[in-house]
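Here's the structure, in structure tokens; my notes come after.
The values are calculated or read from the model by the stated rules, or taken from the named source; none is laboratory data. Everything numeric in this text was worked out from a predicted model, so none of it was measured. Neighbour counts are summed over all protein chains in view; Cβ atoms, including those assigned to glycine, are modelled from backbone coordinates with ideal geometry. Note: accessible area is taken over every heavy atom of the protein model, side chains too, but ligands, DNA and RNA are not part of it. Shrake-Rupley method; radii C 1.70, N 1.55, O 1.52, S 1.80 Å.
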Amino acid sequence: MNHEDRQFLINLAHQAGELARRHSDKLQIGGKADGSLVTDADIEVEKLIRAGLRERWPDEAIVGEEMVGSTDTDTNNVWYIDPIDGTHNFIGGLPLWAVCIGRCTQGVPTAGVIYAPVLGLTWTGFAGQGAYLNGAPASIPACEEIVRSDMIAFTTEATSDLQLELPHSQRNLGSGALHCGYLTTGAFKACLFSNWLMWDVVPGLAIAAEAGATAYNLAGQPLPTLTGFTARDRHEPIIVAAPRCGELVAAHTTQLRQPT
Ligand code: IPD
Ligand code: CA
Ligand code: CA
């Protein structure tokens, strides 16, 4: 992806984040079938991002959380939008939410932008071009062991579905995208996802991969592509971490519940 395309995506995420903030003091809140909350901001932000992507890449498939759209995840390029990751934090006035845009190319996450407007943080990752946080290179430190003071991020589903038998400190920020973002700063040693949907992980995986992390299944095998991972279904657990830590965490994680 060239410089103009990268800048276009960053600008689009920034515009989307500012739109969400403008909505935040007069939110209309509704419920979804899965029991989670959605706001008018989630929908307006997704519309804005869809329009931007459609104009610049008219032939590419778009999947977004609030208007799922294309289910063909095996076309060459597919965009995944999570307009607001951390909607419950957004509603509650916590700063831990982010606008997320990612692209898979033949199933491989190759582009990701995560913008957390209140935190003033923008993570980017574009295949072969490195990961950045607010324009500064981000890379995950090598990892040989997990110790008691290491923080491991669990999404809400991972908290109930997975058990990690290693000394560690468990964290759930309420935004899986921010978990991947903070993996690249070294704040987290690993991120556990369970029962996840594509838009929850693709932007973060593109960034984490450029920063030196890999996604593993619970057998400790790296997942080089997400080919075959459908857009509407929830998926088996993954661990995102630097190589040795990913294998270590996988070896000590027990799955208590299957995806629904
Ligand atoms: C959710 C958040 C949350 C995670 C859930 C996601 P949403 O996304 O990332 O931390 O536990 O798995 O669905 O609903 O705020 O976009
Ligand atoms: Ca999400
Ligand atoms: Ca969302």
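Could you list, in sequence order, the residues of region 235-259 that are open to solvent by 50 Å² or more (accessible area, probe 1.4 Å) and part of a loop (DSSP other than H, G, I, E, B)?
Restricting attention to region 235-259, the residues satisfying the condition of being open to solvent by 50 Å² or more (accessible area, probe 1.4 Å) are 236, 243-244, 247, 251-252, 254-258.
Within region 235-259, 236, 252, 256, 257, 258 meet the criteria.
If a residue must be surrounded by fewer than 24 Cβ atoms within 10 Å (Cβ to Cβ) and either free of Cβ contacts under 8 Å to residues at least 40 places away in the same chain or more than 10 Å from ligand 2 (Cβ to nearest atom) (or both), how many such residues does region 83-99 contain?
So the count comes out to 8.
Quick one: would you say residue 110 is within 13 Å of ligand 1 (Cβ to nearest atom), polar (S, T, N, Q) and in contact with a helix residue (DSSP H, G or I) (Cβ under 9 Å, 6 or more places away or on another chain)?
Details: within 13 Å of ligand 1 (Cβ to nearest atom): no; polar (S, T, N, Q): yes; in contact with a helix residue (DSSP H, G or I) (Cβ under 9 Å, 6 or more places away or on another chain): yes.
Spelling it out, it is not the case that residue 110 is within 13 Å of ligand 1 (Cβ to nearest atom), polar (S, T, N, Q) and in contact with a helix residue (DSSP H, G or I) (Cβ under 9 Å, 6 or more places away or on another chain).
Do we find a residue being of a type in the set (Lys, Arg) and assigned to a strand (DSSP E or B) anywhere in region 141-148? Before the answer, list the steps.
Step one: filter region 141-148 for residues of a type in the set (Lys, Arg), giving 148.
From the residues that got through so far, the ones that are assigned to a strand (DSSP E or B) too are none.
Taking every residue of region 141-148 in turn, none turns out to be of a type in the set (Lys, Arg) and assigned to a strand (DSSP E or B).
How many residues does region 183-208 hold that are within 14 Å of ligand 1 (Cβ to nearest atom), under 19 Å from residue 148 (Cβ atoms) and in contact with a Leu (Cβ under 8 Å, 6 or more places away or on another chain)?
Qualifying residue count, region 183-208: 2.
Restricted to region 47-68, and to residues that are in a helix (DSSP H, G or I) and surrounded by 15 or more Cβ atoms within 10 Å (Cβ to Cβ), which residue is nearest to ligand 3 (Cβ to nearest atom)?
My answer is 49.
Please list, ordered by first then second residue, the pairs with beta carbon atoms under 7 Å, 6 or more apart or interchain, first in region 116-134 and open to solvent by 20 Å² or more (accessible area, probe 1.4 Å), second in a loop (DSSP other than H, G, I, E, B) and modelled with pLDDT of 95 or more.
118/95; 119/95; 121/134; 133/184; 133/185
Does residue 161 satisfy being charged (D, E, K, R), at pLDDT 95 or above and within 15 Å of ligand 2 (Cβ to nearest atom)?
Against the criterion (charged (D, E, K, R), at pLDDT 95 or above and within 15 Å of ligand 2 (Cβ to nearest atom)), residue 161 does not qualify.
Identify the residue in region 156-177 that is within 16 Å of ligand 3 (Cβ to nearest atom) and touching a residue at least 24 places away in the same chain (Cβ under 8 Å) and, among all such residues, is most open to solvent (accessible area, probe 1.4 Å).
First pass over region 156-177, keeping only residues within 16 Å of ligand 3 (Cβ to nearest atom): 156-157, 172-177.
Retained after the next criterion (residues that are touching a residue at least 24 places away in the same chain (Cβ under 8 Å)): 157, 173-177.
On the way: 157: 67, 173: 40, 174: 35, 175: 1, 176: 11, 177: 4 Å².
Of everything passing the filter in region 156-177, 157 is most open to solvent (accessible area, probe 1.4 Å).
Looking at region 195-206, I want the residues that are of a type in the set (Asp, Glu) and have a partner that is within 11 Å of ligand 3 (Cβ to nearest atom) with Cβ atoms under 8 Å, at least 6 apart or on another chain. Which pairs are those?
Pairs that qualify, where the first residue is of a type in the set (Asp, Glu) and the partner is within 11 Å of ligand 3 (Cβ to nearest atom), are 200/82; 200/85; 200/176; 200/177.
Name every residue in region 178-203 that is under 17 Å from residue 162 (Cβ atoms), more than 15 Å from ligand 3 (Cβ to nearest atom) and outside any loop (DSSP other than H, G, I, E, B), in order of residue number.
Residues satisfying the conditions are 183, 188, 189, 190, 191, 192.
Any chance region 24-46 includes a residue that's surrounded by fewer than 16 Cβ atoms within 10 Å (Cβ to Cβ), under 29 Å from residue 129 (Cβ atoms) and either over 19 Å from the mean Cα position of the chain (by Cα) or hydroxyl-bearing (Ser, Thr, Tyr) (or both)?
Within region 24-46, not a single residue is surrounded by fewer than 16 Cβ atoms within 10 Å (Cβ to Cβ), under 29 Å from residue 129 (Cβ atoms) and either over 19 Å from the mean Cα position of the chain (by Cα) or hydroxyl-bearing (Ser, Thr, Tyr) (or both).
Which condition from (1) open to solvent by 50 Å² or more (accessible area, probe 1.4 Å); (2) outside any loop (DSSP other than H, G, I, E, B) is the one that residue 206 breaks?
Of the numbered conditions (1) open to solvent by 50 Å² or more (accessible area, probe 1.4 Å); (2) outside any loop (DSSP other than H, G, I, E, B), the odd one out for residue 206 is (1).
Among the candidates 153, 142, single out the residue that is in contact (Cβ under 8 Å) with a residue 24 or more places away in the chain and open to solvent by less than 30 Å² (accessible area, probe 1.4 Å).
Details: 142 fails: open to solvent by less than 30 Å² (accessible area, probe 1.4 Å).
Matching residue, one of 153, 142: 153.
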